[in-house]
Amino acid sequence: MKATLVLVLAGMLTAPGTPSPEKNTASPVEACAPVLPLLPPYERLNFDVYYQWGLIWVGAGDLNLSLQPGALPGDPNGPQYPHAVARAVTSGRVHRLFPVNDRYETWFEPRTVLPKHFVRDISEGKARFYWEYKFQQQNGSVWYKHWSKTRNQEGYIEGVNGCSLDLFSTLYYMRSIDWSAYRPGQRVPLDLIVDGKPMRISVEFLRRERIKTKLGNTDCLVLSPQLVTGDYFKTSDGLTLWLSDDHRRLPVRCEAKILVGALKADLLPG
C-alpha cells in the first residue's frame, strides 16, 4: 500500500483565503481575505485509519493531530504561532507489508492561516525523505531544504504567490472558511507548494449531509479537494472530506481512492 496516511487527512487541499464562491478563480487579494477565527489555541485529534482490502476495510494505523502555540524553529524566544503536528504510523498487516512513520509540522499566522514554517519528514517502506520550507510571503519566495537517498539540497523557490500554503496548513485553513455562502459545485482556488514547486488547484463544495460517525450522527459539510495524481492518488477527484457543520469544523471523516484500493480516516471521540 504505497500511500502516505497523513496525506489522506493532513494533505487536504484548499484555498488560502475566503474568495467569492461565485467565482472559480481568485486574485491574490481575494485569496488572502481574512478567515474566520474558529481554531482553538489547543487541540488534539485522534483518527483510526483503514485500508480497503478487497471488499472489506481493515485497520491500517493511527493518525494523530495536535495544535498548540509554539515558537518557530531556530527562534525559541520569538513570538508564538499556532503549531500543528501530524503523526501517522501503520499497524498490523499493513505495517508488515508497507511500514509508514510520517511526521508533518506547520506553523502559521493565526489571523490568515498562512504558513510561516513547514516540515515534512517521511519514512514509508524503503523510502526516506525530508522537506522543510521557510515562507517569506511578502517577498514572494520560500527557502527550502530537501534531502533523500539521492539528493541533498537547499535554496529558494522564487515567484511564489503571496498566499501560498503548504500541504498541512491547508487543513486548518479549510476549517476557517465560511462555507455558509457556498453552493454545490462551487470551487475555491488555492496556491500551494508541493515538493518544492508552486501550483494552483481547487476544492469543490459538494453538499451538506448527516452521517453516522464514531461521534454519533453528525451534520457535515462535504468537500472534494483536488489532488496531485501520481505516486499516491489515482485521480484528481478521488478524495472526499467531511467537516462537522458547526463552530469547530472538525474533520470527522475522509476517504481517498489510491493507486491500489482506498484509505479512510475516522475521528475518534475524546
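Please find, within region 119-131, the residue that is surrounded by the fewest Cβ atoms within 10 Å (Cβ to Cβ) out of those that are touching a residue at least 24 places away in the same chain (Cβ under 8 Å) and assigned to a strand (DSSP E or B). This residue is Ser123. Can you work out which of the residues in region 91-113 that are assigned to a strand (DSSP E or B) and of a type in the set (Phe, Trp, Tyr) is nearest to Ser164 (Cα to Cα)? Only one residue fits best here, namely Phe108.
Just one of Ala84, Ala88, Ala60 is in contact with an Asp or Glu (Cβ under 6 Å, 6 or more places away or on another chain), small (Gly, Ala, Ser) and outside any loop (DSSP other than H, G, I, E, B); which is it? Answer to the check: Ala88.
Of all residues in region 208-220, none are surrounded by 18 or more Cβ atoms within 10 Å (Cβ to Cβ) and of a type in the set (A, V, I, L, M). Scanning for something over 17 Å from Tyr172 (Cα atoms) and modelled with pLDDT under 90, does region 109-121 turn up at least one residue? Scanning region 109-121, I find no residue that is over 17 Å from Tyr172 (Cα atoms) and modelled with pLDDT under 90, so the answer is no. Would you pick out the residues in region 95-106 that are within 17 Å of Pro76 (Cα to Cα) and surrounded by 23 or more Cβ atoms within 10 Å (Cβ to Cβ)? Listed by number, the list holds a single entry, Thr106. Modelled with pLDDT under 95 and closer than 20 Å to Pro225 by Cβ - does that describe any residue in region 71-80? No. For region 182-203, the condition of being in a loop (DSSP other than H, G, I, E, B) and of a type in the set (A, V, I, L, M, F, W, C) holds for none of the residues.
Of the residues making up region 210-222, those that are over 12 Å from Asp245 (Cα atoms) and of a type outside the set (S, T, N, Q) are Lys212, Lys214, Leu215, Gly216. Evaluate the following for Leu72: is it closer than 17 Å to Val119 by Cβ, within 17 Å of the chain's Cα centre (by Cα), surrounded by 15 or more Cβ atoms within 10 Å (Cβ to Cβ) and not aromatic (Phe, Trp, Tyr)? When the stated conditions are applied, Leu72 does not pass them. May I ask you to verify whether Arg249 is of a type in the set (Lys, Arg), modelled with pLDDT of 85 or more, touching a strand residue (DSSP E or B) at 6+ places or on another chain (Cβ under 9 Å) and part of a loop (DSSP other than H, G, I, E, B)? Criteria met by Arg249.
Here is a yes/no grid of residues against (1) farther than 17 Å from Gln226 by Cβ; (2) loosely packed, with under 15 Cβ neighbours inside 10 Å; (3) in contact with a His (Cβ under 7 Å, 6 or more places away or on another chain); (4) modelled with pLDDT of 90 or more:
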{"residue": "Gln138", "(1), (2), (3), (4)": "yes, yes, no, no"}
{"residue": "Tyr156", "(1), (2), (3), (4)": "yes, yes, no, yes"}
{"residue": "Cys163", "(1), (2), (3), (4)": "no, no, no, no"}
{"residue": "Ser169", "(1), (2), (3), (4)": "no, no, no, yes"}
{"residue": "Val188", "(1), (2), (3), (4)": "no, no, no, no"}
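All of (1) among the basic types (Lys, Arg); (2) surrounded by 19 or more Cβ atoms within 10 Å (Cβ to Cβ); (3) in a loop (DSSP other than H, G, I, E, B) hold for Lys116 with one exception: (3).
Take the conditions (1) under 25 Å from Leu192 (Cβ atoms); (2) touching a residue at least 40 places away in the same chain (Cβ under 8 Å); Asn46 misses just one of them, which is (1).
The values are calculated or read from the model by the stated rules, or taken from the named source; none is laboratory data. Just so it is clear, the model here is predicted, and its values are computed rather than measured. We place every Cβ from the backbone using ideal geometry, glycine too, and count neighbours over all the protein chains shown.
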